[in-house]
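K.L.:
Below are the structure tokens for one structure; questions will follow.
Every read-out reported here was derived from the displayed coordinates using simple, explicitly stated rules and does not represent laboratory data. Quick caveat, the model's predicted, so the values are computed rather than measured. We place every Cβ from the backbone using ideal geometry, glycine too, and count neighbours over all the protein chains shown.
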Amino acid sequence: MTEQSPRRMTKGERTRARILDSATELFSRSGFHAVSLRDIAAHAGLTHAGLLHHFPGKEELLVQVLGRRDRVDARLLFGPGTATPEGVLRTVVGFVARNMTTPGLVGLYVKISGESVAPEHPAHAYFVDRYRVLREQLTGAFAALFARADPPPGHDPALAARQLLALMDGLQTQWLLEPDAVDMHAAVTAFIRQLGLDLDLTPEPAPGP
């Protein structure tokens, strides 16, 4: 049986990808409010009208930038690899390891998540929902793992989930400031082990985009 070749991107798809790449770089460097659609168009080598043909507004463009990576994350977080509580933690640790190879995206999330605490920010609902989903997944995983530990560690699963997310966020900022001095993957793995969980946290290979 002959394998089908991957579908080639159309010209429009390539242009949209170039716009998203430019928006990701500029948003991560300067934040959402300081970047205009004209800035993004110039960076992508397009006219302002050419960009508007693909993205009618900056808010929609930001949502698409954030959602591009989330499509990969969702396939991991809700895929067969997370059928067990160990799999959930392994997947989240895998996110950390992957983030250490994508400083531009980490910078984007740090910059935009800080801005999005304002309720009127276009990414506010996105980050509220993202943290809710991660807390639910991690709380369930910690609850199952703590319940079967012998002896039980006595930790609150919901608190452990919040602490892990806070650690990951804080490490990202420190890593962006001093990438050679901060090992995010090692720090997150050490935190999980300090909770009394001796797990194989080797991440599974991530699927393609």
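K.L.:
Among Ser36, Ser113, Ser22, rank each residue by its count of other Cβ atoms within 10 Å, from fewest to most, as a rough exposure measure.
P.N.:
The most exposed by this proxy come first: Ser36, Ser113, Ser22.
K.L.:
What are the ³J(HN,Hα) couplings of the range 130-146, residue after residue, when phi is run through the Karplus curve with 6.51, -1.76, 1.60 and θ = phi - 60°? Round to Hz, x for glycine and proline.
P.N.:
Result, rounded to whole Hz: 4, 5, 4, 4, 5, 4, 5, 5, 6, 4, x, 5, 5, 4, 5, 6, 5.
K.L.:
What is the order of Glu25, Glu120, fewest Cβ neighbours within 10 Å to most?
P.N.:
Result, fewest neighbours first: Glu120, Glu25.
K.L.:
Suppose R0 equals 25 Å. What FRET efficiency, 1/(1 + (r/R0)^6) with r the Cβ-Cβ distance, do Val128 and Met100 give to the nearest 0.05?
P.N.:
Calculated value: 0.45.
K.L.:
Same structure, new question: Provide the per-residue ³J(HN,Hα) series for the range 103-116, in order, calculated from phi with Karplus coefficients 6.51, -1.76, 1.60 and θ = phi - 60°, each as a whole number of Hz, with x at glycine and proline positions.
P.N.:
3J(HN,Hα) across the range 103-116, in whole Hz: x, x, 5, 4, x, 4, 5, 5, 5, 6, 5, x, 5, 6.
K.L.:
Please list 3J(HN,Hα) in residue order for the range 43-51, calculated via the Karplus relation 6.51 cos²θ - 1.76 cosθ + 1.60 where θ = phi - 60°; whole Hz, with x for glycine and proline.
P.N.:
5, 8, x, 10, 7, 4, 5, x, 5
K.L.:
Can you give me the distance in nm between label points at Ser30 and Val110, each placed 7 Å from the Cα along the Cα-to-Cβ direction?
P.N.:
Label at Ser30, label at Val110, 2.0 nm between them.
K.L.:
Next question, about the same structure. Quick one: Phe127, Phe27, fewest Cβ neighbours within 10 Å first, how do they rank?
P.N.:
Phe127, Phe27
K.L.:
Another question, if that's okay. Please compute the length gained on full extension between Lys11 and Leu177, using 0.36 nm multiplied by the number of residues separating them and subtracting their Cα-Cα distance.
P.N.:
56.0 nm
K.L.:
Over the range 11-194, what relative contact order in percent results from Cα pairs under 8 Å that are six or more residues apart?
P.N.:
Once normalised by length, the contact order is 21 percent.
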